[in-house]
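The values are calculated or read from the model by the stated rules, or taken from the named source; none is laboratory data. These figures come from a predicted structure and were not determined experimentally. Every residue, glycine among them, receives a Cβ derived from its backbone with ideal geometry; neighbour counts consider all protein chains shown. Just the protein is used for accessible areas: all its heavy atoms, side chains included, with ligands, DNA and RNA removed. Shrake-Rupley method; radii C 1.70, N 1.55, O 1.52, S 1.80 Å.
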Amino acid sequence: MNENSLKKTLSKLTIGDLRYFDSIGSTNDEALAWATENARDLSIVIADEQTQGRGRLNRKWFTPKESALAFSLILRPSAPTHLSRTVGLAALSIAESCRTLGLAPRIKWPNDILLNGKKAAGILIETVWSGEDVDSVVVGMGINVHSTSIPPQEFLQFPATSLEDELGKAPPAREEILYNVLNSFIHWRARLESDDLIKAWEEILAFRGEQVQVKTGSENPITGELLGLESDGSLRLRNAHDKSIIVRFGDVSLRPAA
Ligand code: BT5
């Protein structure tokens, strides 16, 4: 993967500008800085290796060289939107690119893509504010392509996998996978406010109809049956007292109940 091969493969898509790095701290940091310098809508920062890749709450995201896709898209929203819908859009795009390869992805709300119950990709959304308005949204996506992208066991709270492991053979070139993700992203972005987006997302939600536990910040975890999504992309559960509970997008973590 290099700047030329990326530009060539992505030339048929309507995106902004592209910055490629052999190695970088975090593509999200570069994208956040670029966003404040008036980057065009749908500009992309992509790196072969990240040395300071970040997950949520400053958790580490592992991106060794020649193994994964790590990139950040800069969005300049023309109208206000729920950030949770943007996470859904990103998750759906990664999921659809996995489906193109014949895999059966599930989205672990809010930001993980699972293959065979293991995490194959994660999303980190960050915003640049201008007063009270969102100036730009940076959508960081990390996708484990080759087996070498899977972090060591001690690094993980949730099992991880890669496209190569799930396919059982060499995956397509990373440029090609990126093309599919972006193609799907552009398709669904035009439908960001639609019911169809929520429907498509809900159809592949992991643990639907199962008991899950959701941890939100410092509060006690919530346990309930995962019912589906609200129209803003929030998660709907039913607790043991048959009461509906809405979990809003934020720093939450979800897992199957023990
Ligand atoms: C995420 O956070 O899943 C968001 C990951 C976003 C990464 C992209 S790469 C491009 C862009 N630039 C960045 O710096 N970040 C974005 P979270 O849900 O907090 O999950 C983080 C946890 O996932 C860590 O604490 C590890 O346990 C685990 N983890 C780290 N690297 C992993 C990997 N490659 N595959 C699977 N799990 C991983």
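Rolling a 1.4 Å probe across the protein heavy atoms gives the chain an accessible surface of 47 Å² per residue.
The candidates Y20, Y179, arranged from most to least accessible area with a 1.4 Å probe in the full protein assembly, appear as Y179, Y20.
Once the Cα atoms are used to define both axes, helix 83-100 deviates from the longest principal axis of the chain by about 70 degrees.
In terms of overall dimensions, the C-alpha atoms belonging to segment 37-82 reach 36, 22, 18 Å along their principal axes, ordered largest to smallest. Given segment 1-80 reduced to its alpha-carbon atoms as identical point scatterers, what log10 I(q)/I(0) does the Debye formula return at q = 0.11, 0.16, 0.25 Å⁻¹? After summing over all Cα pairs, the log10 values are -0.29, -0.61, -1.21. Determine the sum of side-chain charges near E210: Lys and Arg each +1, Asp and Glu each -1, restricted to other residues whose C-beta is under 13 angstrom from that of E210. Charge balance near E210 sits at +4. Every Cα-Cα pair of segment 211-254 was included, and the share exceeding 15 Å stands at 35 percent.
Where does each of K108, K243, K8 land when they are ordered by accessible area, with a 1.4 Å probe and the largest first?
Putting K108, K243, K8 in descending order of accessible area: K8, K243, K108.
Estimated purely from DSSP H runs of n ≥ 4, each contributing -39500 (n - 2.57), the mean residue ellipticity at 222 nm for the chain is -7500 deg cm²/dmol once divided by its residues.
Running Debye on segment 103-167 with equal point scatterers at the Cα sites and no solvent, what base-10 log of I(q)/I(0) appears at q = 0.13, 0.14, 0.18 Å⁻¹? Taking Cα atoms of segment 103-167 as identical point scatterers yields -0.43, -0.49, -0.68. Segment 180-258 and segment 69-144 have their alpha-carbon centroids 14 Å apart. The three principal axes of the C-alpha atoms in segment 3-203 carry coordinate ranges of 46, 37, 35 Å, sorted with the longest axis first. Figure note: D242, D48, D196 ranked by solvent-accessible area, largest first, 1.4 Å probe, ligands and nucleic acids not counted: D242, D196, D48.
How much net charge surrounds H82 when only the other residues with a Cβ under 13 Å from the Cβ of H82 are counted, with Lys and Arg +1 and Asp and Glu -1?
Counting the neighbours of H82, the net charge comes to -1.
When each of the peptides 29-41, 132-144 is scored by the mean number of other C-beta atoms lying within 10 Å of its residues, the order from highest to lowest reads 132-144, 29-41. Measuring only protein heavy atoms, the 1.4 Å probe finds H82 accessible over about 100 Å². The angle between the Cα long axis of helix 174-189 and the longest principal axis of the Cα atoms of the chain comes to about 60 degrees, rounded to the nearest 10.
Expressed as a whole percent, the accessible area of the chain that falls on carbon and sulfur atoms is 45 (1.4 Å probe).
Packing around the peptides 54-64, 71-81, taken as the average count of other Cβ atoms within 10 Å per residue, puts them in this order, highest first: 71-81, 54-64. Seen from all directions on average, segment 54-171 presents a Cα convex hull projection of 7.8 nm².
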